[in-house]
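Every number here is computed from the coordinates shown, using simple stated rules; none is lab data. In this text, all values refer to a predicted model and were calculated from it rather than measured experimentally. In this analysis, Cβ positions are derived from the backbone assuming ideal geometry, glycine residues included, and neighbour counts consider all displayed protein chains.
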Amino acid sequence: MKAVILAGGSGTRLFPLSRKNFPKQFLSLDSSKSLFQKTVERCLKAVGNINDIIIITNNEYQFHVKNQLEDIGIKDFKNIILEPIGRNTAPAVALAVRYALDKLNVTENETLFISPSDHLISPEDRFVDYVKKADYFAKKGFIVTFGVNPTKPETGYGYIEADMPIEEAYKVKQFHEKPDLKTAQKYIMAGNYYWNSGMFTFSIKTILEEFKKHSPDIFNQINEKTFEEVVISFTDMPDISIDYAVMEKTDKAVVLPLNIVWSDVGSWDSVYEVLDKDENENVKVGNVIDIDTKKSLIFGNERLIATVGVEDLMVIETPDVIVIAKKGEGQKIKDLVSVLKSNPNTKELTEFHKTVYRPWGSYTELEKGERYRIKRITVKPGEMLSLQLHYHRSEHWVVVKGTAKVILEDSEGNRKEIFVHENESVFVPKTTKHRLVNPGKIPLEIIEVQVGEYVEEDDIVRFEDVYKRC
C-alpha cells in the first residue's frame with residue numbers, strides 16, 4: 001500500500017491563523033506538530049516506509065512541505081508531486097496514480113490510501129487498524145470511503161448513507177451534501193449515516209476502471225502517458241472532486257465506519273471541539289488571563305489576552321489581526337475573508353502573515369508606513385536569495401547576527417562581492433541588481449529598511465534563482 005497525502009489546499013476558514021501563503025495544514029493548533037506533520041506520521045505508521053508515501057502539493061507550498069518534513073527528521077524526501085495548477089481532488093488522485101506506476105514501479109494491483117493533510121485523528125493506532133482493513137477491501141475490488149460515526153447533527157460535513165453490510169463495511173447507498181440542521185437531525189436518528197471524512201482506499205486497477213467508466217476526460221489524460229506528459233496536460237483536466245467524478249457514480253463504493261475522534265478542523269468551532277478544555281470549558285492557547293469566562297476559545301499569539309465576564313466567545317489573535325466571533329458562527333469566517341479580499345487595502349492580510357516563509361528562510365515585517373517598510377530577514381546557512389532588482393525602492397541592510405555576502409552588479413554587468421559582519425551595513429540603490437547570501441554555519445539575521453515611492457512585494461524582478469522562481 002502507498003499513502004497519498006493531499007497538501008495543496010489553500011483554505012482560509014481558520015483565518016487569521018491560516019492565510020493563503022501559510023494554510024491550515026501547516027498550522028500547529030496545540031503548540032506541538034502541525035496537522036501536516038501529524039498526517040505524515042500517521043501515514044507512516046500505516047505503510048511502514050517513508051518511501052511508500054507520496055505528497056501532492058504546489059510550487060508555492062513545496063518549501064513548507066520540505067521544511068516541516070525536516071523538522072520531524074525526514075530529510076531528502078523524494079516523492080513530492082507539484083501540481084502546476086489547482087484542479088481539485090480527482091485530477092490530484094489521477095496524477096498520483098500515474099506517479100506511482102511510473103516512478104515507484106508498482107503494478108495496477110497496488111492499493112492507494114488517499115488522505116487530506118489537515119485532519120485531526122485519534123487514537124492513531126486504532127486508525128491505522130482501519131486503514132489496514134480498508135486495504136483488505138480494496139484488494140477485493142472495492143473503493144473504500146471512511147465514514148465517521150457522527151456524534152451530533154453536524155451541518156458542516158457531507159454524509160454517506162450506508163446500505164447492506166459487507167463484513168465490517170457497508171455498501172454505499174448514496175452520498176449527501178452538507179445538510180441543514182433539520183436534515184442532519186434526521187440522519188442521526190436514522191442511524192445509517194456517517195460523516196464523509198474525505199479519505200479513500202482503492203487499487204490502481206479499480207480506480208482506473210472507474211475513471212474510464214465515469215470520468216473519461218480524466219482517464220484519457222493519464223492513459224498510456226508518462227508522468228511528465230500528464231503534468232504538462234494537467235491544466236486540461238476538469239476541476240472536479242473525486243466524490244463527483246467517481247464516488248457518487250460507482251457501484252463499487254463501500255463505507256468503513258470509523259469509531260474514533262476525527263475532525264477536519266474546518267472552523268474555529270471545530271478547533272474548540274477538539275482541543276482540551278479547562279474547568280470552565282474554556283480552550284486557552286498562548287498568554288491568556290480569564291476572569292469569569294466560560295465556554296470560550298481564546299487563541300493567542302504574542303500579546304496577553306485578558307477576558308472578563310464573557311461566555312461563548314472565540315478570540316483569535318495574531319500580530320496583525322484580531323478576530324472576535326460568537327461561538328457557533330465560525331463558518332462565517334469565510335465571509336470575512338471575502339470582504340477583506342475585495343478591498344485592496346486589506347487583501348494582503350488574507351495572503352500573508354507578518355512572518356512570511358521562503359525557501360531560503362523567512363522575513364518578518366516590523367513596521368510599514370508611507371514610503372518605507374522595515375523587515376527582519378533570516379537566511380538559513382548556505383542559502384541565498386535570488387539575483388534581483390527593484391525599480392521603486394532602495395534598501396539598507398544592517399547585519400544583526402552572522403555574516404552576509406552581498407553581491408552587487410552595476411549596469412555594465414560587473415559584479416562586486418562584499419562581506420558584511422555584525423553591526424555593519426550596506427546600501428542597495430534602486431535598479432541595482434543584488435543578491436544576499438549566507439555563507440556561514442549559523443542563521444544570518446539582518447534588518448532591512450526599504451525606502452521609496454512603492455514598497456510592495458511585487459516590486460521585484462528576478463534574474464537568477466536557485467529555487468526556479470523566475
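Sorting 409, 167, 395 from the fewest to the most surrounding beta carbons within 10 angstrom yields 167, 409, 395. Partners of residue 45 within straight-line reach, counting lysines whose Cα lies under 18 Å from its Cα and excluding those fewer than 8 residues away in the same chain: 2, 33, 75, 132, 133.
Within a straight-line Cα-Cα reach of under 26 Å, residue 182 can be paired with the following lysines, leaving aside sequence neighbours fewer than 8 residues apart in one chain: 152, 171, 173, 295, 326, 327, 332, 334.
Of the residues 296, 306, 331, the one whose Cα sits farthest towards the positive end of the charge dipole of the range 277-332 is 331 (charges of +1 on Lys and Arg Cβ, -1 on Asp and Glu Cβ, taken about the Cα centre). Whole-Hz Karplus values for the range 449-458 come out as 10, 9, 9, x, 6, 8, 10, 7, 5, 7 Hz, taken residue by residue from phi with 6.51 cos²θ - 1.76 cosθ + 1.60 and θ = phi - 60°; glycine and proline positions read x. Compared with the dominant Cα axis of the chain, that is its longest principal axis, helix 333-342 is turned about 40°.
For the range 9-79, the list of trypsin sites (Lys or Arg not before Pro) that fall in a loop by DSSP and count at most 11 other C-beta atoms within 10 angstrom reads 75, 78.
Run the dipole for the chain about the Cα centre, Lys and Arg Cβ at +1, Asp and Glu Cβ at -1, nothing else charged, and hand back the magnitude in debye, nearest 20. My answer is approximately 380 debye. Helix 35-47 and the longest principal axis of the Cα set of the chain meet at an angle near 50°.
Across the range 57-71, computed HN-Hα scalar couplings (Karplus, 6.51 cos²θ - 1.76 cosθ + 1.60, θ = phi - 60°) run 8, 10, 4, 5, 9, 4, 6, 4, 4, 5, 5, 6, 5, 4, 5 Hz from first to last residue, x flagging Gly and Pro. Normalising the Debye intensity of the range 354-464 to I(0), with uniform scatterers on Cα atoms only, and taking log10 at q = 0.20, 0.22, 0.23 Å⁻¹ returns -1.11, -1.36, -1.48.
Sorted fewest first by neighbouring Cβ atoms within 10 angstrom, 208, 297 come out as 208, 297.
Would you mind classifying the range 227-353 by shape? Square roots of the alpha carbon gyration tensor eigenvalues, ordered a ≥ b ≥ c; an a/c under 1.5 is rounded, otherwise it is prolate if a/b is larger than b/c and oblate if not. Oblate is the answer for the range 227-353, as a/c is 1.5 or above yet b/c matches or exceeds a/b.
Taking every DSSP bridge with both residues inside the range 277-332, close to 30 percent are antiparallel. Volume of the convex hull of the chain (Cα atoms only), normalised per residue: 166 Å³. What the phi angles of the range 392-401 give under the Karplus curve with 6.51, -1.76 and 1.60, with θ = phi - 60°, is a coupling list of 10, 9, 9, 9, 10, 10, 10, 7, 9, 8 Hz, glycine and proline written as x. Sorting the segments 365-376, 433-444 by their residues' average number of neighbouring beta-carbon atoms within 10 angstrom, most packed first, yields 433-444, 365-376. Residues whose amide H lies under 5 Å from that of residue 241, counting only those 5 or more places away or on a different chain, are 89, 90; hydrogens are built 1.01 Å from N in the peptide plane.
Compute the separation of the alpha-carbon centres of the range 266-327 and the range 432-470 and state it in Å as a whole number. First find each Cα centre; the distance between them is then 37 Å.
In the chain, what percentage of the DSSP-assigned beta bridges are antiparallel, given to the nearest 5? Here the share of antiparallel DSSP bridges comes out near 70 percent.
Return one number: the angle in degrees, 0 to 90 and rounded to the nearest 10, between the long axis of the Cα atoms of helix 124-139 and the longest principal axis of the Cα atoms of the chain. On a 0 to 90 degree scale, this one is about 60. In terms of surrounding Cβ atoms within a 10 Å radius of their Cβ, 115, 122, 386 rank from fewest to most as 122, 386, 115.
Restricting the GluC sites (Glu not before Pro) of the range 259-361 to loop positions (DSSP other than H, G, I, E, B) with no more than 16 neighbouring Cβ atoms within 10 Å leaves 279, 281, 302, 329, 351. Amide H contacts under 5 Å for residue 393: 431, restricted to partners 5 or more places along the chain or on a different chain, H placed in the peptide plane at 1.01 Å from N. The gain in end-to-end length when the residue 351 to residue 441 segment is fully stretched comes to 29.2 nm, 0.36 nm per residue minus the alpha carbon separation.
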